[in-house]
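The values are calculated or read from the model by the stated rules, or taken from the named source; none is laboratory data. Quantities reported herein were computed from a predicted structural model and do not represent experimental measurements. Every residue, glycine among them, receives a Cβ derived from its backbone with ideal geometry; neighbour counts consider all protein chains shown. The area values use the complete protein model at the heavy-atom level, side chains included, leaving out ligands, DNA and RNA. Shrake-Rupley method; radii C 1.70, N 1.55, O 1.52, S 1.80 Å.
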Amino acid sequence: MNLTALERSDLTQLREAFAVHGCVSIGRFLPDDEASALAGSLAQRQDWVEVFQGRDQAYDMAAGAFEALDPAQKRQLDELVWQQAARGFQFRFRSIRVPDAREQRVPSQDELHAFAEFMCSEPVMDHLRLITACDDIAFADAQATAYSAGHFLTAHDDDVAGKGRRAAYVFSLTENWSADWGGLLVFPQGEELTGFLPAFNCLRIFRVPQPHSVTFVPPFVSQTRYSITGWLRTAPS
């Protein structure tokens, strides 16, 4: 993978914008053909997992197992998820996780693993440290996410003790997405919201901790919002 977008960007300008707003967006992060190949591979994968928050812990369900539920079971799961969302933190989307340990990644066989390794490469790390003004960033973790009808992520700030998260990133791989379809990455600022519309081949970086959410994708949406997300983290202590 190539470093084209970061090399041609005004890193000083991005650093200043990040310092003021706590987030930046970098368009055409990869060459378009590489981004298209990555998006296409995500759309074809069969190892997606439906993830959601239970009463006291997160749950994973293989996408095939979820699809095999009968309508009554799906309605029951919907109700449990919505009840939790009404009380507090909740999420529901599909995910493919990349191992945090780099020795467990197989970039020669898995394009998602290859992207995670690209994000951890020293040229990319150097640019991201400069933009975020966090010199102690040591690596990036990663997961693919897919949001379709009924999926959402309620407000939270990513601040988890011991994780060493300095910033979060979302590499958006979705074309022709409408704002009416939800799936917006939003940041509350008092009585106002700012945020990003899903787009193609755009890297969004934002400061941690910072409240944010992904808005609900309504039932009438037939498209899927694909992205690769993760955190820029310090070395484990």
Check: When the chain is treated as a GNM, springs tying every alpha-carbon pair under 10 Å, which of 222, 178, 41 comes out with the largest mean-square fluctuation?
Finding: 222
Check: Could you give me the ³J(HN,Hα) list for region 226-237, computed from phi with Karplus coefficients 6.51, -1.76, 1.60 and θ = phi - 60°, whole Hz, x at Gly and Pro?
Finding: 9, 7, 10, 10, x, 10, 8, 10, 7, 5, x, 7
Check: Each residue of region 205-219 in order: what ³J(HN,Hα) in whole Hz does its phi give by Karplus 6.51 cos²θ - 1.76 cosθ + 1.60, θ = phi - 60°, with x for Gly and Pro?
Finding: 10, 9, 5, 10, x, 6, x, 7, 7, 10, 6, 4, 8, x, x
Note to self: Mean-square fluctuation check for the chain, GNM, Cα pairs under 10 Å: which of 177, 48, 82 is largest?
What the structure shows: 82
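Per residue of the chain, what 222 nm ellipticity follows from adding -39500 (n - 2.57) for every DSSP H run with n ≥ 4, rounded to the nearest 500?
On the way: 7 runs with 72 residues, N = 237.
Helix contribution divided over all residues of the chain: -9000 deg cm²/dmol.
Of all the accessible heavy-atom surface of the chain, with the other protein chains kept in place and a 1.4 Å probe, what percent is carbon and sulfur? Before the final figure, lay out each step's value.
Numbers: 5920 of 11750 Å².
It is 50 percent, rounded to a whole number.
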Margin query: Give me the net charge for the shell around residue 72: Cβ to Cβ below 12 angstrom, other residues only, Lys and Arg +1, Asp and Glu -1.
Written below: -1
Notebook entry, point to check: Roughly how tilted is helix 71-87, in degrees to the nearest 10 and between 0 and 90, from the longest Cα axis of the chain?
Noted result: 60
Notebook entry, point to check: Pairing the Cα long axis of helix 11-21 with the longest principal axis of the chain, what angle in degrees results, from 0 to 90 and rounded to the nearest 10?
Noted result: 50
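Which whole-number value in Å² is the accessible area per residue of region 1-132, probe 1.4 Å?
Details: 7180 Å² over 132 residues.
Ligands and nucleic acids excluded, the figure is 54 Å² per residue.
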Margin query: Quick check: the angle from helix 111-120's long axis to the longest principal axis of the chain, C-alpha only, nearest 10 degrees?
Written below: 40
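Which net charge results when you count Lys and Arg as +1 and Asp and Glu as -1 among the other residues whose beta-carbon is under 15 Å from that of residue 49?
Around residue 49, the surrounding residues sum to 0.
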Next item on the list: Rank 56, 110, 136 by mean-square fluctuation in a GNM of the chain with C-alpha springs under 10 angstrom and give only the top-ranked residue.
Entry: 56
